[in-house]
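Novice: Quick one: the structure is below, questions incoming.
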Amino acid sequence: MRYTLAGMPFFDDNHATFRVGEGYDWADDYFGSMRSFSIDQRLKILDNLILNYDARIVWEYFPSGELDEVKRVANFRITYLPTRDIFIRIFAPINLTTRQYGVNALFSYAYRPMSRFYLAYNERRSRGDSDISLVDRIVMAKISYLWNL
């Protein structure tokens, strides 16, 4: 499905998927059937700014055929490239089943050809009955450098 706004593609990648299959549930340690429905959307605001959204509902069944659990997960992603050398991505996963929420951000700067500086921030929170508490937070930096071609 393609839509345009002022002659430029706006929604350029949208689809819905329904899957049925067998799978192993690592959390509960059994092999059973699964059904899932997912929606994926990509919204291209500008040539250098893209918003993504995907949501998934998964029904997991015991080997006996009885329903075990229903999982609901959504993800939001913003990708922005202000210049050729700078890349910024913000990712927000939301797990409605476990009531956990996250924010992941990545900044990348190409300071030479084939050499980059990365700065990452990850935070996960869990929602209780009365508040949202911090589960973990990580800040990490990385430098990659090409010594010789």
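Novice: By its C-alpha gyration tensor, with a ≥ b ≥ c as the square roots of the eigenvalues, how is region 81-149 shaped: rounded for a/c under 1.5, else prolate for a/b larger than b/c, else oblate?
Specialist: Values: a/c = 4.26, a/b = 2.86, b/c = 1.49.
It is prolate, given that a/c is not under 1.5 and a/b is the larger ratio.
Novice: Label-point separation (nm) for SER133 and LEU67, each offset 7 Å from Cα along Cα-to-Cβ?
Specialist: Here the answer is 3.0 nm between the modelled labels.
Novice: Between region 48-84 and region 122-146, how far is it from one alpha carbon centroid to the other, in angstrom?
Specialist: Here the answer is 19 Å between Cα centres.
Novice: Then there is this: Using a 7 Å offset from the Cα along the Cα-to-Cβ direction at both SER126 and ARG84, what is the distance between the two label points in nm, to one decimal?
Specialist: 4.7 nm
Novice: Hey, got a sec? Which trypsin sites (Lys or Arg not before Pro) in region 73-149 land in a DSSP loop and have at most 13 other Cβ atoms within 10 Å? Spell out each step's value before the answer.
Specialist: Working: sites: ARG77, ARG84, ARG89, ARG99, ARG116, ARG124, ARG125, ARG127, ARG137, LYS142; in loops: ARG84, ARG99.
Sparse-neighbourhood loop trypsin sites (Lys or Arg not before Pro): ARG84, ARG99.
Novice: Something else now. If I take R0 = 35 Å and measure r between the Cβ atoms of THR98 and SER144 in this structure, what FRET efficiency does the formula 1/(1 + (r/R0)^6) give, to the nearest 0.05? Can you show the working numbers first?
Specialist: Numbers: r = 34 Å, r/R0 = 0.97.
After rounding, the FRET efficiency stands at 0.55.
Novice: Lys/Arg Cβ at +1, Asp/Glu Cβ at -1, dipole of the chain taken about the Cα centre: which of LEU106, GLY23, TRP147 is farthest positive-ward?
Specialist: TRP147
Coordinate-derived values only; no laboratory data. The shown structure was predicted, so the numbers you read here are calculated from the model rather than taken from an experiment. Because the Cβ atoms are built from the backbone with ideal geometry, glycine has one as well, and the counts that use them run over all protein chains shown.
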